[in-house]
Amino acid sequence: MPKKTSTKTIINKKTKTAVKIVADKKKEKKAPNIIKKEESKKEKPKAFFARERVITEDNDSARELFNQSCYGKILDDGKVQLSLQEALYLMDKGKMLILDGRNKEMNFQGFLKRANKIEPNFWIRYCVFKDMRTRGYVVKTALKFGADFRVYDRGIKPGEDHARWIIYPVHEGSTLTWYEFAAKNRVAHSTKKRLMMGVVDDEGDVTYWEIKWLRP
């Protein structure tokens, strides 16, 4: 059988001549198939929710998330340890598979239920983490500073510069004493960072309040 071909005509504006180009349709169709096969080979990195920690496999895909987007921290054995918020966010975005102790894939609700037992305030903290990450900020834990998170400005990675804010996530219905409020201000002042409160409503939406020292 004769080959199926397509003909295209190109006009040369200078010489005003037409040139016909004959293309083999069979050859044209091969390129997309090759690309699809290459894309399907790239698998999502896997991580294991063991006790109170989430640790990835020892592979380049997991380390790529750390190197490019600053998720987790590299352990001595080459694996990446993720915070609970980081792990759930990556799973929710379809960038990682989380397995339980029985090597079964976890879903969003199953992970959330388990994380809430470990951290009673997990959902409130996750709402703030997710919102800030979606806005393009790098968010890391700030336990050593006495806060929930430290947040780096857009385009800044940990190690390149200091974090700009420390954030305390709270529910809109919660109360805070003046003593607690002053303590948070002192932490921000002593670490030379800006203090921000992430107020989460019942729908999971976040409103931010930045607090500054004022001297009369």
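The values are calculated or read from the model by the stated rules, or taken from the named source; none is laboratory data. Note that the structure is predicted; figures quoted are calculated from it, not measured. Please note: Cβ atoms are built from the backbone with ideal geometry, for glycine as well, and neighbour counts cover all protein chains shown. Accessible surface areas use protein heavy atoms only, side chains included; no ligands, DNA or RNA. Shrake-Rupley method; radii C 1.70, N 1.55, O 1.52, S 1.80 Å.
Here are a few things to note about the model shown:
- The HN-Hα couplings worked out from phi for the range 173-188 by the Karplus form 6.51 cos²θ - 1.76 cosθ + 1.60 (θ = phi - 60°) are x, 7, 10, 9, 6, 4, 5, 5, 5, 5, 5, 5, 5, 5, 4, 5 Hz, whole numbers, x standing for Gly and Pro.
- The phi-based Karplus calculation (6.51 cos²θ - 1.76 cosθ + 1.60; θ = phi - 60°) puts the 3J(HN,Hα) values of the range 115-126 at 5, 5, 6, 7, 10, x, 9, 4, 4, 5, 5, 5 Hz, whole numbers, x for Gly and Pro.
- Rounded FRET efficiency, nearest 0.05, which uses the C-beta distance separating Arg135 from Phe181 and R0 of 25 Å: 0.50
- In Å, descending, principal axis extents of the Cα set of the range 85-216: 59, 36, 25
- Of the chymotrypsin sites (Phe, Trp or Tyr not before Pro) found in the range 119-216, the ones in coil according to DSSP and having at most 13 other Cβ atoms within 10 Å of their Cβ are Trp213.
- Spin-label zone in the range 75-97 - amide nitrogen under 14 Å from a point set 7 Å from the Cα of Phe66 along the C-beta vector: 75-83
- The range 105-196 - accessible surface per residue (Å², probe 1.4 Å): 58 Å²
- Annotation: amide H-H contacts under 5 Å for Gly72 (H modelled 1.01 Å from N, sequence separation of 5 or more, or interchain): Ser83.
- Rounded, prolate or oblate (a/c below 1.5 giving rounded, otherwise prolate when a/b exceeds b/c) for the range 132-207 by Cα gyration tensor: oblate
- Applying the Karplus relation 6.51 cos²θ - 1.76 cosθ + 1.60 with θ = phi - 60° to the range 55-66 yields 3J(HN,Hα) values of 10, 7, 6, 8, 8, 5, 4, 5, 5, 5, 5, 6 Hz, where x marks Gly and Pro.
- Rounded, prolate or oblate (a/c below 1.5 giving rounded, otherwise prolate when a/b exceeds b/c) for the range 51-147 by Cα gyration tensor: rounded
- Placed amide H near Arg164: partners under 5 Å, 5+ positions off or other chain: Val151, Tyr152, Asp153
- Solvent-accessible area of the range 97-216 (1.4 angstrom probe, protein heavy atoms only): carbon and sulfur portion equals 52 percent.
- Sorting Lys130, Lys192 on solvent-accessible area from highest to lowest, probe radius 1.4 Å, gives Lys192, Lys130.
- Environment charge at Arg186 (Cβ cut-off 14 Å; Lys +1, Arg +1, Asp -1, Glu -1): +4
- Members of Lys46/Lys192; Lys46/Lys184; Lys140/Lys192; Lys144/Lys212; Lys79/Lys144 lying beyond 27 Å, as alpha-carbon distances in this model show: Lys46/Lys192; Lys46/Lys184
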